[in-house]
Amino acid sequence: MIKVSQATLYNYLNGTTLPPVDTLDDLLSVLQATPTERKELQELRDDLAVRRNLRRGPGQPVIEVAHGDEVEIANIEGTHEVSPEDYNLAGPFEIIELDEHIDVDELRNTSRVLFRRTIRATAPGLRRFLYAFECPPDSGLRRVVVDPRGTVRVPRVIRVGEGSYVFHLEFADALAVDEAHSFEFAITTVENRNREPRGIYGKRQFVTTRVVRLSVGFSPKAHPHRVRWFAAPFPIGHFPDGYSFPEGNVLPQGEDGRYSNTFDQDALAPERIVGLVWDYE
């Protein structure tokens, strides 16, 4: 059931803010929009988001941040406006658990990822976690929505290089030494149809990480021939160029319809990328 305040609904209608993708879908269902009307209104929302992002350059996606029921265009900062520490992914903490649940839509895009982290502070006063999002200019990516949840918020977005953004996930309270903290956030994307015969989702850690758990689910219209896991000893700048994925490591489909794998510290050695790869027929 959709829950939107009158003030929020008014802001949607007069164009002050744009509804999140999921909220728009719910509103269109309540209004009993036809498939044609639904498609037109969804495309209109995407177009408005692009037009409102005045700082968007050629080939760059619209970056938005969700705040409850509302979504706002992010104020993108450049590296010349901030200090190097503001986009340094390493920090005074270790990752105890890293969980990411990937959803592949009917266009074969990883359109939604739910991120869960449990970290432990190794120095006093830790207040934030930085997450880097890669989006090459030729990727066809049009929009990115960051949805912080629970005990985190996203007050800053920094553009690093031509196709990379760093999101600041800020905690409500600073952590003490050895204090653990769990949080989650989601990233939803809109992009052109993916026509590649293979999908790849890789992770490289910049701080000590104890466990990585990855799970991927597929739309019935984009179900792959097979799903495999990999642990590749390549720097991130060259991956996956020159790397042949092993023919083994095939993952079975779970009872929930998803494919999952857990990587322990043996697979998480420095200079390694772990992840999932799937092939379409």
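The values are calculated or read from the model by the stated rules, or taken from the named source; none is laboratory data. For clarity, every value in this text was computed on a predicted model and none was experimentally measured. Because the Cβ atoms are built from the backbone with ideal geometry, glycine has one as well, and the counts that use them run over all protein chains shown. Accessible surface areas use protein heavy atoms only, side chains included; no ligands, DNA or RNA. Shrake-Rupley method; radii C 1.70, N 1.55, O 1.52, S 1.80 Å.
Val113 passes all but one of (1) open to solvent by less than 40 Å² (accessible area, probe 1.4 Å); (2) part of a strand (DSSP E or B); (3) at pLDDT below 95; which number fails?
Exception for Val113: condition (3).
Taking the residues in region 138-150 that are open to solvent by 60 Å² or more (accessible area, probe 1.4 Å) and not basic (Lys, Arg) as candidates, determine which candidate is nearest to Asn192 (Cα to Cα).
Among those that are open to solvent by 60 Å² or more (accessible area, probe 1.4 Å) and not basic (Lys, Arg), it is Asp138.
Say we look at region 116-135 and pick out the residues that are assigned to a loop (DSSP other than H, G, I, E, B) and over 21 Å from the mean Cα position of the chain (by Cα); which of these is surrounded by the most Cβ atoms within 10 Å (Cβ to Cβ)?
Thr122
Only one of these is of a type in the set (A, V, I, L, M), under 23 Å from Arg204 (Cβ atoms) and part of a strand (DSSP E or B): Leu89, Leu98. Name it.
Sole residue among the options that is of a type in the set (A, V, I, L, M), under 23 Å from Arg204 (Cβ atoms) and part of a strand (DSSP E or B): Leu98.
Check Arg108 against each of (1) part of a loop (DSSP other than H, G, I, E, B); (2) under 19 Å from Phe171 (Cα atoms) and name the one condition it does not meet.
Going through the list (1) part of a loop (DSSP other than H, G, I, E, B); (2) under 19 Å from Phe171 (Cα atoms), Arg108 breaks only (2).
Among Glu100, Glu81, Glu72, which is loosely packed, with under 13 Cβ neighbours inside 10 Å and among the charged types (D, E, K, R)?
The match here is Glu81.
Count, please, the residues in region 34-86 that happen to be under 16 Å from Gly161 (Cβ atoms), in a loop (DSSP other than H, G, I, E, B) and modelled with pLDDT of 75 or more.
Of the residues in region 34-86, 3 are under 16 Å from Gly161 (Cβ atoms), in a loop (DSSP other than H, G, I, E, B) and modelled with pLDDT of 75 or more.
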